[in-house]
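Below is one structure, written out as structure tokens; comments come after it.
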Amino acid sequence: MRLCSIASGSSGNCVYVGSDATHLLIDAGISGKRIEAGVAELGLKLSEIDGIFVTHEHADHISGLGVLARKYGIPIYGTGGTIAAIRQTQTLGQIDEELFHYIKADEKFTMKDVTLYPIRTSHDAAEPVAYRISHDKQKAAVITDLGCYNEYTVECLKNLDILYLEANHDIHMLQVGPYPYYLKQRILGEKGHLSNEAAGKLLSRLLHDNMQAVMLGHLSQENNLPELAYESVRVEVTMSDTPYKGDDFPLYVAKRSEVSKMIEI
């Protein structure tokens, strides 16, 4: 099982996850040209990508879909609500109907030797999901764009080897920053985004002795800093009532416009 961030942040998201035999993208929120270059850095061609699994229809998760669909014919997977919203996004151009494939939250979907389990998320989109991905006994998850989490979320994310987790904003930076009031309220709301502190609290619920790596992603360019996200999450874990400390596991921060370290187990 391998996981790598090709792009991360409010300006565009794309995560590679796969095995020796199966190569998948979670979201395609940057240009087709950038995705092509990022995949090439991994030693792959876009023609080798088996599918793009979309979390939701916001532009920073789908802006490259149209180009990839037309140029490479890569199948697109999403919930009914997400696909309906993608179809109505005129900026993507024409996408062949046959490339769309429907998945449902809480129903497993198997592609070759990889199984995906879509997880419901709380976000202001049509029918958003995150993804838990398993290969043999190895388990990873990519979860961003959630304003809050609950026991369902925690249960879906237990016993992972790799976790790619949103740490979108520092609450203080957001509150004193330049965003208009309505946008601040949206981000802070239950259908917005996870703060650094909330990410640390959720991570504290998920840590176990065999966690191989955690990568923080979807950082806001205006309301966060990579160093701040890293330290805030470590502090939250250390202060939690779990036996784990912030430096008990490898913690990475996905870069905005560079391909991240490949995490491999």
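Consider region 22-34. How many of its residues are open to solvent by 50 Å² or more (accessible area, probe 1.4 Å) and assigned to a loop (DSSP other than H, G, I, E, B)?
Residues of region 22-34 that are open to solvent by 50 Å² or more (accessible area, probe 1.4 Å), as a first pass: 31, 33-34.
Filter once more, so that each one left must be assigned to a loop (DSSP other than H, G, I, E, B): 31.
Total satisfying the criteria: 1.
Can you tell me how many residues in region 193-215 are out of contact with any helix residue (DSSP H, G or I) (no Cβ under 6 Å at 6 or more places or on another chain), in a helix (DSSP H, G or I) and open to solvent by 90 Å² or more (accessible area, probe 1.4 Å)?
0
Condition (residue is in contact (Cβ under 8 Å) with a residue 60 or more places away in the chain, surrounded by fewer than 16 Cβ atoms within 10 Å (Cβ to Cβ), assigned to a loop (DSSP other than H, G, I, E, B) and on the phi > 0 side of the Ramachandran plot) applied to region 140-153: is it met by at least one residue? Give the derivation first.
Taking region 140-153 as the starting set, the residues that turn out to be in contact (Cβ under 8 Å) with a residue 60 or more places away in the chain are 140, 142, 144-145.
With the extra rule that they be surrounded by fewer than 16 Cβ atoms within 10 Å (Cβ to Cβ), the set shrinks to none.
Scanning region 140-153 turns up no residue that is in contact (Cβ under 8 Å) with a residue 60 or more places away in the chain, surrounded by fewer than 16 Cβ atoms within 10 Å (Cβ to Cβ), assigned to a loop (DSSP other than H, G, I, E, B) and on the phi > 0 side of the Ramachandran plot.
Would you confirm whether any residue within region 160-167 is open to solvent by 40 Å² or more (accessible area, probe 1.4 Å) and touching a residue at least 12 places away in the same chain (Cβ under 8 Å)?
As a first pass, look at region 160-167 and keep what is open to solvent by 40 Å² or more (accessible area, probe 1.4 Å): none.
Looking for residues that are open to solvent by 40 Å² or more (accessible area, probe 1.4 Å) and touching a residue at least 12 places away in the same chain (Cβ under 8 Å), one finds none in region 160-167, hence no.
Inspect region 174-181 for any residue being under 23 Å from Thr121 (Cβ atoms) and among the β-branched types (Val, Ile, Thr) and give the result as yes or no. Don't jump to the end; show me each part of the working.
First, the residues of region 174-181 that are under 23 Å from Thr121 (Cβ atoms): 174, 179.
If we keep only those that are among the β-branched types (Val, Ile, Thr) as well, we get none.
Scanning region 174-181 turns up no residue that is under 23 Å from Thr121 (Cβ atoms) and among the β-branched types (Val, Ile, Thr).
I'd like to know if region 181-192 contains one or more residues that are within 16 Å of Ala254 (Cβ to Cβ), open to solvent by 20 Å² or more (accessible area, probe 1.4 Å) and touching a residue at least 60 places away in the same chain (Cβ under 8 Å).
Of region 181-192, the ones within 16 Å of Ala254 (Cβ to Cβ) are none.
Checking region 181-192: not a single residue is within 16 Å of Ala254 (Cβ to Cβ), open to solvent by 20 Å² or more (accessible area, probe 1.4 Å) and touching a residue at least 60 places away in the same chain (Cβ under 8 Å).
Which pairs do you get when a residue that is in contact (Cβ under 8 Å) with a residue 40 or more places away in the chain and more than 21 Å from His218 (Cβ to Cβ), found in region 27-50, comes within reach of a residue that is open to solvent by 40 Å² or more (accessible area, probe 1.4 Å) and in a loop (DSSP other than H, G, I, E, B), reach meaning Cβ atoms under 8 angstrom, with the pair 6+ apart or on two chains?
Asp50/Lys112
Select the strands (runs of 3 or more DSSP E) contained entirely in region 35-132, then report the ones holding at least 1 residues which are open to solvent by 60 Å² or more (accessible area, probe 1.4 Å) and more than 18 Å from Thr22 (Cβ to Cβ).
Numbers: elements: 51-53, 76-78, 100-102, 109-111, 114-120.
Once the strands (runs of 3 or more DSSP E) in region 35-132 are filtered for at least 1 residues that are open to solvent by 60 Å² or more (accessible area, probe 1.4 Å) and more than 18 Å from Thr22 (Cβ to Cβ), what remains is 100-102, 114-120.
The values are calculated or read from the model by the stated rules, or taken from the named source; none is laboratory data. Because the structure is a prediction, the values reported are computed rather than measured. Quick reminder, even Gly has a Cβ in these numbers, built from the backbone with ideal geometry, and neighbours come from all protein chains shown. Side chains are part of the model used for accessible areas, which takes the heavy atoms of the whole protein and leaves out ligands, DNA and RNA. Shrake-Rupley method; radii C 1.70, N 1.55, O 1.52, S 1.80 Å.
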